[in-house]
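The values are calculated or read from the model by the stated rules, or taken from the named source; none is laboratory data. For clarity, every value in this text was computed on a predicted model and none was experimentally measured. Here the Cβ positions follow ideal geometry from the backbone for every residue, glycine too, while neighbour counts run over all protein chains shown. Accessible surface areas use protein heavy atoms only, side chains included; no ligands, DNA or RNA. Shrake-Rupley method; radii C 1.70, N 1.55, O 1.52, S 1.80 Å.
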Amino acid sequence: MKAKLGVSALVLLFLGGLWLVAAPFAVGYQPRGAAYVDATVNDLWVGGSLAALSFVAIVIYAADALRELARRGKHADN
């Protein structure tokens, strides 16, 4: 149960980061063709960092889960 909750939180953080990256353009507070306003730069840095860190954490969790499954499989053959 705790693993599902953790993975769910990581997925929500990843999606939140993606939203922060897309929000200035989707909502429209970044004028098309204009220099980036401070809010857009902030959203891009924070959202990109949040999405990247949560993605790395999801990949590490998946690799650990696969390693655990492989370890369990080796013991089943013995």
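Some points to look at:
- Residue that is nearest to GLY6 (Cα to Cα), among those in region 33-65 that are open to solvent by 80 Å² or more (accessible area, probe 1.4 Å) and in a loop (DSSP other than H, G, I, E, B): TYR36
- Residue list for region 27-50, filter: within 20 Å of LEU12 (Cα to Cα) and not hydrophobic (A, V, I, L, M, F, W, C): ASN42, ASP43, GLY47, GLY48, SER49
- Test result for TYR36, among the hydroxyl-bearing types (Ser, Thr, Tyr), without any contact (Cβ under 8 Å) to a residue 40 or more places away in the chain and in contact with a helix residue (DSSP H, G or I) (Cβ under 8 Å, 6 or more places away or on another chain): yes
- Matching residues, region 1-32, being in a helix (DSSP H, G or I) and farther than 27 Å from ALA62 by Cβ: ALA23, PRO24, PHE25, ALA26, VAL27
- Each residue in region 43-57 was checked for being polar (S, T, N, Q) and within 9 Å of VAL21 (Cα to Cα), and 0 pass.
- Applying the set (1) open to solvent by less than 80 Å² (accessible area, probe 1.4 Å); (2) at pLDDT 95 or above to GLY73 leaves exactly one unmet item: (2).
- GLU68 fulfils the conditions (1) under 12 Å from the mean Cα position of the chain (by Cα); (2) open to solvent by 50 Å² or more (accessible area, probe 1.4 Å) except for a single criterion, (1).
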